[in-house]
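Reviewing the structure listed below.
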Amino acid sequence: MGRADKTDLSVLIFGTKLRNPLILASGITSGTKDSLETAAKNGAGAVTTKSTTLLPRKGHETPVLSETPSGFINAVGITNPGIDAAIKEFSGWNEEKSNVPLIFNIAGKDVEEFRAIAERVGAAIKGGTLKISGLELALSCPHTPGYGTMAGQNTPESTAEIVRVVHSIIPDSVPLIAKLSPNISALGEVAKAAEKAGAAAINMGNSVGPGMVIDTERRSPVLSFGCGGLTGPAIRPIAVRCVYDIYQSVKIPIIGTGGVTYGKDAIEMFMAGASAVGVGTAVYYRGPKAFSLISREMEEWMSVHKVGSLSELIGVAHRK
Ligand SMILES: Cc1cc2nc3c(=O)[nH]c(=O)nc-3n(C[C@H](O)[C@H](O)[C@H](O)COP(=O)(O)O)c2cc1C
C-alpha cells in the first residue's frame, strides 16, 4: 500500500483551530502557566487548567496518586488556589507566543458556586485579562465529597441547570465544554441536556470508578481518601464506548478523553466520534514529549492508511 502525500493533524473544534487534536487534560501538570507552557512547547494542540473552585482548597492528604496495572488511581480532592488566584495565574496567557489555545476548567459544589465562579471569569474575560478559548465545566470528579458525581452532578437536570446559568454569564464568544463522567448510565441524556442548555462541546470524560488499591503490608488503602478515580490505558475501552454512545445523541463536538497513550489510541477515539482528544496519564508514562510522540504516530498511521485529514475519521466506526 502507498502512503498519503500529505497528512494534516489540524482540527477545528468549537470555532478554534488547533494545530493538532491533542489537548492536555485538566489536572495533569496544569496548575501553573509554566506547566501549561511546557505542554505547549512539547506539542500539545491545546491546554487545560487544573479545576478551580471559588475558594482555595487544600484537597486530600497525601498519598493522592498511586500506579496500578495499566493506569493510575488518584484522589487529589481538587487542590487549587481558588478562582481569584487562578485568574491571576493564567491571565496574560499569550496565545500568539505559545500558539496554543487555553481552556479554563472550573468546578463548583452547586449551581451557586458555578454562578459565582462564572461571574469572576466573565468579568476577567470582558476586562481583557483572561484570554481563553473555552470554559470547561467539571461536572464529573468522582472522589471529592460535595463536588462532581459525589454531589449528584451528571444528571440531565443538574447538568442543564449548571450549563444554563454559566452560559447566561459568560460571553458568547467563549464556548462552554461540559466534562462528563463515564460512571453513569444515562450518558446520552446528560450529553443532550448539556447541548440543549448551551454547551458547545462535551469532554467525555473524567476518571472511572472510584476504585481502590490496598497496601497488603499496611492492610489499608493506599490513598489517604481510600478510593480514587482510575485513569490511563486501563480505562480506554470504557472511554471509547462512552464517546461512541454520546456521538449518537448529540451534534456538538466531543473531546475523547481516557487512556490515550499512543497515536493509534487517538485514531480510535476519532473513529468512535471524537473531534479532539484529551491526553492526561500518558504524560506520566511518556513524559512531556507525549504530545509530539503521539502526533508523530498519528501522522504515520494516517500516511500509511492514506488519510489526509482527521475529519475523514470522525465517527467512521458507526458507518457499518
Ligand atoms: C492526578 C490527576 C488529577 C486530575 N485532576 C482533574 C481536575 O482537576 N479536573 C478535571 O476535570 N479532571 C481531572 N483529572 C482527570 C483528567 O483530566 C482526565 O479526564 C482523566 O485522567 C482521564 O484521562 P487520561 O486517562 O488520559 O488520564 C485528573 C486526573 C489525574 C490523573
Could you please find all residues in segment 134-153 being within 12 Å of the ligand (Cβ to nearest atom) and farther than 15 Å from residue 51 by Cα? 153
Can you tell me which residue in segment 198-223 is modelled with the lowest pLDDT, limited to those that are within 16 Å of the ligand (Cβ to nearest atom) and open to solvent by 60 Å² or more (accessible area, probe 1.4 Å)? 210
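A quick yes/no check of all residues on (1) over 18 Å from the mean Cα position of the chain (by Cα); (2) modelled with pLDDT under 95; (3) crowded, with 23+ Cβ neighbours inside 10 Å:
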site	(1), (2), (3)
242	no, no, yes
246	no, no, yes
249	yes, no, no
253	no, no, no
259	no, no, yes
279	no, no, yes
301	yes, no, no
310	yes, no, yes
Which residue pairs have Cβ atoms closer than 7 Å, lie 6 or more positions apart in sequence or on different chains, and pair a first residue in segment 51-70 that is under 18 Å from residue 30 (Cα atoms) and of a type outside the set (Asp, Glu) with a second residue that is open to solvent by 70 Å² or more (accessible area, probe 1.4 Å) and not in a loop (DSSP other than H, G, I, E, B)? none
Might you check whether a residue that is away from the ligand (no atom under 15 Å from the Cβ) and in contact with a Phe, Trp or Tyr (Cβ under 8 Å, 6 or more places away or on another chain) occurs anywhere in segment 106-128? yes
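In segment 19-42, which residues are open to solvent by 50 Å² or more (accessible area, probe 1.4 Å) and more than 12 Å from the ligand (Cβ to nearest atom)?
Just the residues of segment 19-42 that are open to solvent by 50 Å² or more (accessible area, probe 1.4 Å), to begin with: 19, 29, 32-34, 38, 41.
Within segment 19-42, 19, 32, 33, 34, 38, 41 meet the criteria.
Could you tell me whether residue 297 is in a helix (DSSP H, G or I) and open to solvent by 50 Å² or more (accessible area, probe 1.4 Å)? Even if it seems obvious, please write down each step before you answer.
Working: in a helix (DSSP H, G or I): yes; open to solvent by 50 Å² or more (accessible area, probe 1.4 Å): yes.
Taking the combined requirement at face value, the residue satisfies it.
Does residue 167 satisfy being touching a helix residue (DSSP H, G or I) at 6+ places or on another chain (Cβ under 8 Å) and without any contact (Cβ under 8 Å) to a residue 40 or more places away in the chain?
Numbers: touching a helix residue (DSSP H, G or I) at 6+ places or on another chain (Cβ under 8 Å): yes; without any contact (Cβ under 8 Å) to a residue 40 or more places away in the chain: yes.
Taking the combined requirement at face value, the residue satisfies it.
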Those residues of segment 81-105 which are within 14 Å of the ligand (Cβ to nearest atom) and open to solvent by 10 Å² or more (accessible area, probe 1.4 Å) amount to 81
Over segment 43-74, the set of residues part of a loop (DSSP other than H, G, I, E, B) and within 9 Å of the ligand (Cβ to nearest atom) is 49, 50, 51, 64
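Is it the case that residue 127 is more than 17 Å from the chain's Cα centre (by Cα) and either surrounded by fewer than 16 Cβ atoms within 10 Å (Cβ to Cβ) or not acidic (Asp, Glu) (or both)? Explain how you work it out, then say what you get.
Numbers: more than 17 Å from the chain's Cα centre (by Cα): yes; either surrounded by fewer than 16 Cβ atoms within 10 Å (Cβ to Cβ) or not acidic (Asp, Glu) (or both): yes.
Against the criterion (more than 17 Å from the chain's Cα centre (by Cα) and either surrounded by fewer than 16 Cβ atoms within 10 Å (Cβ to Cβ) or not acidic (Asp, Glu) (or both)), residue 127 qualifies.
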Within segment 123-137, which residues are small (Gly, Ala, Ser), within 11 Å of residue 170 (Cα to Cα) and touching a strand residue (DSSP E or B) at 6+ places or on another chain (Cβ under 9 Å)? 134
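The values are calculated or read from the model by the stated rules, or taken from the named source; none is laboratory data. Note that the structure is a prediction, hence the values are computed from the model and not measured. Counting neighbours? That spans all protein chains shown, and the Cβs are built from the backbone with ideal geometry, glycine included. With ligands, DNA and RNA removed, areas are computed over all heavy atoms of the protein, side chains included. Shrake-Rupley method; radii C 1.70, N 1.55, O 1.52, S 1.80 Å.
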